[in-house]
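The values are calculated or read from the model by the stated rules, or taken from the named source; none is laboratory data. Note that the coordinates shown come from a computational prediction; the quantities given were computed from them, not determined experimentally. Note that each Cβ is placed from the backbone with ideal geometry, even for glycine, and that neighbours are counted across all protein chains shown. These area figures cover heavy atoms from the full protein model, side chains too; ligands, DNA and RNA do not enter into them. Shrake-Rupley method; radii C 1.70, N 1.55, O 1.52, S 1.80 Å.
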Amino acid sequence: MTTGSTEYSFRFQDCLLGAQMLFVAFGALVLVPLLTGLDPNVALFTAGAGTLLFQVITKGKVPVFLASSFAFIAPIIYGAQTWGIPQTLSGLAAAGVVYLLLAALIRWRGVGVLHQLLPPVVTGPVIMVIGLILAKVAVFMAVGKTGDGSAELFARTDALTVSMIALAATIAASLLGRGILKLIPILVGIVTGYVVSVFLGMVHFDTISAAPWFAVPNFTFPQWNWEAVLFIVPVAIAPAIEHFGDILAISSVTGKNFLKDPGVHRTMLGDGLATTLASCLGGPPNTTYSEVTGAVALTRAFNPAIMTWAAITAILLAFVGKLGACLQSIPAPVMGGIMILLFGAITVVGINTLVRAGEDLMQARNLAIVAVILVFGIGGMSFGVSEVTISGIGLAGITGVILNLVLPNPKE
């Protein structure tokens, strides 16, 4: 079988290639739980389990890897502070159900319905809100404070030294890196920042020494909360469109039309079930990873079974207790430096979505939709009925969808 074959063939000799695919995804995979207070070992397990579930749903035809979604960082942080992690997980699990509904809608009406319901004029500003709403968290952590700025964890000078070096290393890897190195800028930034932190005495190894080599991940189960569900569910709008783009990308890389076979309704279904499974176990929602698609393009390793090996490796690493302790020992400034670039990049993706759509944003209808989404989301607008309140990204997303459906379109 040639390297470029897209036929599923599970072979032991591909295990190292699978581990390499996980290595590409690793930095981004663990970053989400480390920022949100979730367990990184659980995130590893749910990424592996979610990828395997996705492969079952898509009949092992699509060489993609699923792991932690950046789109849900802000809702998880807010939800954990407001309702607690178990209640927040119920909202994340419900977000996966949105994918299932979209999958059913796509199967019924075709892919075009996705563009009608969620055009760039809605998804672009929602993605921008996701990035901009987190800007303060990134800056607080970069200067050595907690994410909400309420307490100082490290001296400002040391924190800024670490965060700016981590930021510089991440940018350098993304701009100057070659081969696999170019695909792992977040991991490069984390490792570089961590090494500098060790030299500055900011890392304590006691918890790593005390941690067992083998440990069952700290699974957490959701507790139903209507408010958390209504707050988080609309956030699924952005990653749903991202999913469609990722499937287009892997189709282009492999030369096979995955939108037709197994069909985007199946890939969306697999993504949704993987997200719900992850959330029911205490992990962050899953999404398809474009950096792994980049690695597939680089290595020409199109065999979907390689992702099976990546998933198995992630599940095995989830039971290494010392790995989790090591990840949780990473100082906040390291993450803060990387987050400055990451959250800014999310915002730029939103801007680029609008630019590529070629819409006239000064046209009254587009101006109204984009303006209301941005101000509602960034300004923290909230609406409540009885004890249920919806605000932030969730409210911005719902408002955008409604405005797009009800405002008259001069083109029609």
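Search region 97-122 for residues that are surrounded by 12 or more Cβ atoms within 10 Å (Cβ to Cβ) and pair each with any residue that is among the acidic types (Asp, Glu) and at pLDDT 85 or above when their beta-carbon atoms are under 9 Å apart and the residues are at least 6 apart or on different chains.
Matching pairs, first to second residue: TYR99/ASP271; ALA103/ASP271.
Got a sec? Which of VAL62, VAL42 is surrounded by 20 or more Cβ atoms within 10 Å (Cβ to Cβ) and not in a helix (DSSP H, G or I)?
On the way: VAL42 fails: not in a helix (DSSP H, G or I).
Only one candidate qualifies: VAL62.
Specify which of the listed residues (ILE330, ILE393, ILE351) is surrounded by 18 or more Cβ atoms within 10 Å (Cβ to Cβ), modelled with pLDDT under 95, in a helix (DSSP H, G or I) and under 21 Å from the mean Cα position of the chain (by Cα).
Only one candidate qualifies: ILE393.
Which condition from (1) under 16 Å from THR276 (Cβ atoms); (2) at pLDDT below 90 is the one that SER90 breaks?
Among (1) under 16 Å from THR276 (Cβ atoms); (2) at pLDDT below 90, the lone unmet condition for SER90 is (2).
If you check every pair at least six apart or on different chains, which have Cβ atoms under 8 Å apart with a residue in region 196-209 that is more than 18 Å from MET141 (Cβ to Cβ) first and a residue that is open to solvent by less than 60 Å² (accessible area, probe 1.4 Å) second?
PHE205/SER329; THR207/ALA325; THR207/SER329; ILE208/LYS322; ILE208/ALA325; ILE208/CYS326; ILE208/SER329
For region 372-387, which residues satisfy the criterion of being of a type in the set (A, V, I, L, M, F, W, C) and open to solvent by less than 80 Å² (accessible area, probe 1.4 Å)? Walk me through how you get there before you give the answer.
The initial filter retains those residues of region 372-387 that are of a type in the set (A, V, I, L, M, F, W, C), namely 372-376, 378, 381, 383, 385.
Passing the criteria: VAL372, ILE373, LEU374, PHE376, MET381.
Mind telling me which of the residues ILE346, ILE338, ILE369 ends up being open to solvent by 20 Å² or more (accessible area, probe 1.4 Å), in contact (Cβ under 8 Å) with a residue 12 or more places away in the chain and part of a helix (DSSP H, G or I)? Please lay out each step first, then the result.
On the way: ILE338 fails: open to solvent by 20 Å² or more (accessible area, probe 1.4 Å); ILE369 fails: open to solvent by 20 Å² or more (accessible area, probe 1.4 Å).
None of the others qualify; the one that does is ILE346.
ILE77 is checked against (1) at pLDDT 90 or above; (2) open to solvent by 10 Å² or more (accessible area, probe 1.4 Å); (3) not in a helix (DSSP H, G or I) and fails just one. What number does that condition carry?
Unmet condition: (3).
Given the criteria modelled with pLDDT of 95 or more and of a type outside the set (Lys, Arg), does GLY48 qualify? So that I can check it myself, show each step before the final result.
On the way: modelled with pLDDT of 95 or more: yes; of a type outside the set (Lys, Arg): yes.
Taking the combined requirement at face value, the residue satisfies it.
Counting only residues that are within 17 Å of LYS136 (Cβ to Cβ) and of a type outside the set (Gly, Ala, Ser), how many does region 75-91 have?
The qualifying residues number 6.
Could you check, for region 163-174, whether at least one of its residues is at pLDDT below 90 and either surrounded by fewer than 22 Cβ atoms within 10 Å (Cβ to Cβ) or not hydroxyl-bearing (Ser, Thr, Tyr) (or both)?
Pass one, region 163-174, residues at pLDDT below 90: 174.
Among the residues that remain, those that are also either surrounded by fewer than 22 Cβ atoms within 10 Å (Cβ to Cβ) or not hydroxyl-bearing (Ser, Thr, Tyr) (or both) are: 174.
Taking every residue of region 163-174 in turn, at least one turns out to be at pLDDT below 90 and either surrounded by fewer than 22 Cβ atoms within 10 Å (Cβ to Cβ) or not hydroxyl-bearing (Ser, Thr, Tyr) (or both).
Considering every residue within region 62-69, establish whether at least one is farther than 20 Å from ALA25 by Cα and out of contact with any strand residue (DSSP E or B) (no Cβ under 7 Å at 6 or more places or on another chain). So that I can check it myself, show each step before the final result.
Keep residues of region 62-69 that are farther than 20 Å from ALA25 by Cα, which gives none.
Checking region 62-69: not a single residue is farther than 20 Å from ALA25 by Cα and out of contact with any strand residue (DSSP E or B) (no Cβ under 7 Å at 6 or more places or on another chain).
Hey, can you tell me all the residues within region 202-228 that are of a type outside the set (S, T, N, Q), open to solvent by less than 100 Å² (accessible area, probe 1.4 Å) and over 25 Å from ALA28 (Cα atoms)?
ALA210, GLU227, listed by residue number.
It is to be established whether one or more residues within region 67-75 are in contact with a Lys or Arg (Cβ under 9 Å, 6 or more places away or on another chain) and more than 15 Å from ALA305 (Cβ to Cβ).
No, because not a single residue in region 67-75 is in contact with a Lys or Arg (Cβ under 9 Å, 6 or more places away or on another chain) and more than 15 Å from ALA305 (Cβ to Cβ).
May I ask you to say which residue of ILE180, ILE171, ILE190 is among the hydrophobic types (A, V, I, L, M, F, W, C), assigned to a helix (DSSP H, G or I) and closer than 11 Å to VAL334 by Cα?
Numbers: ILE180 fails: closer than 11 Å to VAL334 by Cα; ILE171 fails: closer than 11 Å to VAL334 by Cα.
Among ILE180, ILE171, ILE190, only ILE190 is among the hydrophobic types (A, V, I, L, M, F, W, C), assigned to a helix (DSSP H, G or I) and closer than 11 Å to VAL334 by Cα.
Condition test on HIS204, is it at pLDDT below 95 and part of a loop (DSSP other than H, G, I, E, B)?
On the way: at pLDDT below 95: yes; part of a loop (DSSP other than H, G, I, E, B): yes.
Criteria met by HIS204.
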